[in-house]
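Got a structure here, written out as structure tokens. Questions coming.
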Amino acid sequence: MDGNMSVAGLSVLLQSGALDPVMLAEAMLDNIAGYKDQSIFTEILGDRALADARAASVRIRSGRSLGLLDGIPIAWKDLFDTEGSVTKAGSVVLSDHAPAKQDASVVKALADAGMVSVGRTNLSEFAFSGLGINPHYGTPRNPASRDVPRIPGGSSSGSAVAVAAGLVPVAMGTDTGGSIRIPAAFNGIVGYKATRGRYAMDGVFPLASSLDSLGPLCRSVQDAIWVDAAMRGRAAPDIARTDIGDIKLVIAETIVFDDAEAGVVTAFEQAINRLQAAGVRVERRSFPAFAEVFELMTRHGALVTAEAYALHKERLHGDAAARMDQRVVARARLGEKIGMTDYIALLEARRRLVGQFKASLNPGELIVHPTLPHVAPPIAPLVADDDLFFKINGKTLRNTLIGNFLDGCGVSIPCGTGDAGMPVGLLLSGQAGEDERLLSAALSLESVIRGEA
């Protein structure tokens, strides 16, 4: 079985009867067990996977398939409740909590579509880092690296690596400041961050509720569209391709190219040249709102830090803090300095900037820029040096957190390679609620962005 097959490719085999769901589940469980990097998953759901697969096999053989996703394996970031498992959020301090009594709403939605849950994936502790380093369960290694072990990106580290390594065709992530799009770009796969609130959040461990969103990491935009439909309870996807000549892209020139690696810029500009040659209308524009996001953070603190501190306050000032990743503790404790007046100022400024950003775009325009300003760096120096860790973490989160603060949606698509032959991502973004238009455009543009058309 080709571990690089997409959801769509596997679906053809499953629905035609050429591949049995049980054989597929067994093969994937065997591949996971035999894979050299055992830090990708925090728990394997072997019994559940085989039970799910047997049920799918019976349905498909009897002509009662639940649809395109019936029998397709999926992995879940260890923030999503799966019945009978402890949701540890990448931390040891939650390991003694009671197992979940039921699936999270989106887990149930995809189970209802016939998907087979094979495991729970690793992440940055409490999802509070863009690098994916975890001192408790290990740091998944980026499978694209051919020189030294490199970071996977976070916080959805295990989800991205599981897909990039061909262990599963799709894995679910969460995104508060880039935690889907960052690891997708670093690992050379597709990552879709939906508009906040597009999916039910019941049973998902939070980081910052005013910023948290969900989405799949997978091999293609089409796969993301199929999974998105099922997450919303749709029997089938209803998103069609957009005519390339009708797509209008605006390259953001503010902040996102600052200190970007030359290889990243080259790969991005080559993708833009391909898009223009294909007939896409592209222009460049500055966005003062992008710069003001960071000015606000300097003045009042970060919204994510304020909300993370409120969520973890007792842990941060209790015995649990000693058992946590000390970098997570240090960063979260900064939230103690963010007073109520600062927090309210951030919320009010956010509402204003969302409106300002909307007014700065013409109808139908989508934003485009490099997902990240650099390729995945080596793990070892970041583990050894706190100052370097925080510097690179901030730079890694910079481009993507803008979309969370402005309450938008985004899709990261591989567009080439940069330094050390590592993947580079191109980020297409829309405003809140523009998911269908974004996904439609991404579906039409993906092959051009990848250089396949």
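With every protein chain present, what is the per residue accessible area of the range 1-49 (1.4 Å probe, Å²)?
That works out to 48 Å² for each residue.
Report the calculated FRET efficiency for D319 and K101 (r = Cβ-Cβ distance, R0 = 25 Å), to the nearest 0.05.
0.40
Could you sort the peptides 361-374, 77-90 by per-residue average Cβ neighbour count (10 Å cutoff), highest mean leading?
Top of the packing list down: 77-90, 361-374.
Also, quick follow-up: Based on the Cβ-Cβ distance from N4 to L347, what FRET efficiency comes out when R0 is 45 Å, to the nearest 0.05?
Once the sixth-power term is evaluated, E becomes 0.55.
Just grab the label-to-label distance for S286 and T266, each label 7 Å out from Cα along the Cβ direction, in nm (one decimal).
For S286 paired with T266, the spin-label model returns 2.9 nm.
Let me ask you something else. Going by accessible area, probe 1.4 Å, with all protein chains left in place, what is the ranking of M23, M5, M115, largest first? Each step should come with its number before you reach the end.
On the way: M23 120, M5 45, M115 5 Å².
Heavy-atom accessible area, descending, gives M23, M5, M115.
Using r as the Cβ-Cβ distance of Q38 and R232, and R0 as 35 Å, what FRET efficiency do you calculate, to the nearest 0.05? It would help to have the intermediate numbers written out before the result.
Values: r = 34 Å, r/R0 = 0.97.
Efficiency, from the Cβ-Cβ distance: 0.55.
Using per-residue counts of other Cβ atoms within 10 Å, averaged over each peptide, order 441-447, 127-133 from highest down.
127-133, 441-447
Over the range 103-226, what percent of the accessible surface lies on carbon and sulfur atoms, probe 1.4 Å? Kindly include the intermediate steps, with their values, before the conclusion.
Values: 1180 of 2420 Å².
C and S fraction of accessible area: 49 percent.
A further question follows. Assuming 0.36 nm per residue, please report the length gained on full extension of the stretch A310 to E295 beyond their Cα-Cα distance.
3.2 nm
Write down the accessible area per residue of the range 253-295 in Å², having rolled a 1.4 Å probe over the full set of protein chains.
Solvent-accessible surface per residue comes out at 48 Å².
Mind checking which lysines have their Cα closer than 17 Å to the Cα of K248? Skip sequence neighbours fewer than 8 apart in that chain.
Cα-Cα hits under 17 Å: K358.
Can you list the equivalent-ellipsoid semi-axes of the range 212-268, largest first and in whole Å, using the square root of 5 times each Cα gyration tensor eigenvalue?
Ellipsoid half-lengths, sorted descending, are 30, 17, 12 Å.
With the cut-off at 26 Å, report for the range 1-123 the share of all Cα pairs above it, as a whole percent.
Summing the P(r) tail past 26 Å for the range 1-123 gives 20 percent.
With the Cα gyration tensor of the range 57-176 in hand, convert its eigenvalues to equivalent ellipsoid semi-axes via √(5λ) and list them largest first in whole Å.
27, 19, 10
Another question, if that's okay. Determine the calculated [θ] at 222 nm for the chain from helices alone, applying -39500 (n - 2.57) to every DSSP H run no shorter than 4 residues and normalising by the residue count; nearest 500 deg cm²/dmol.
It comes out at -13000 deg cm²/dmol, rounded to the nearest 500.
Looking at (i) 1.16; (ii) 0.97; (iii) 0.92, which value of Cα Rg over 2.2 N^0.38 Å comes from a calculation on the structure shown?
(iii)
Separate question: Each label point is 7 Å from the Cα along the Cα-to-Cβ direction; what then is the distance between the points at S209 and L13, in nm?
4.3 nm
What number comes out for accessible area per residue over the range 298-453 if the probe is 1.4 Å? Units Å², please.
41 Å²
Hey, another quick one. Carbon and sulfur atoms: what percent of the 1.4 Å accessible area of the range 407-453 do they account for?
That share works out to 46 percent.
Would you be so kind as to identify all helices of the chain, as entire DSSP H runs, whose Cα atoms reach 27 Å or more along the helix's own axis and whose mean Kyte-Doolittle hydropathy is at least -0.5?
Working: long enough: 340-359 (29 Å, -0.01).
Length and hydropathy pass: 340-359.
What's log10 of I(q)/I(0) for the range 115-244 at q = 0.14, 0.21 Å⁻¹, Debye sum over Cα points only, no solvent?
Evaluating at q = 0.14, 0.21 Å⁻¹ gives log10 I(q)/I(0) of -0.59, -1.23.
May I pose another question? Kindly flag which residue pairs out of K101/K313; K313/K395; K88/K313 have an alpha-carbon separation exceeding 23 Å in this structure.
Numbers: K101/K313 26 Å; K313/K395 26 Å; K88/K313 17 Å.
With Cα atoms farther than 23 Å apart: K101/K313; K313/K395.
The values are calculated or read from the model by the stated rules, or taken from the named source; none is laboratory data. Every value quoted in this text rests on a predicted model; they were computed, and no experiment measured them. Cβ sites come from the backbone with ideal geometry, for glycine too, and all protein chains shown count toward neighbours. Please note that ligands, DNA and RNA were not included when accessible areas were found on the heavy atoms of the full protein model with its side chains. Shrake-Rupley method; radii C 1.70, N 1.55, O 1.52, S 1.80 Å.
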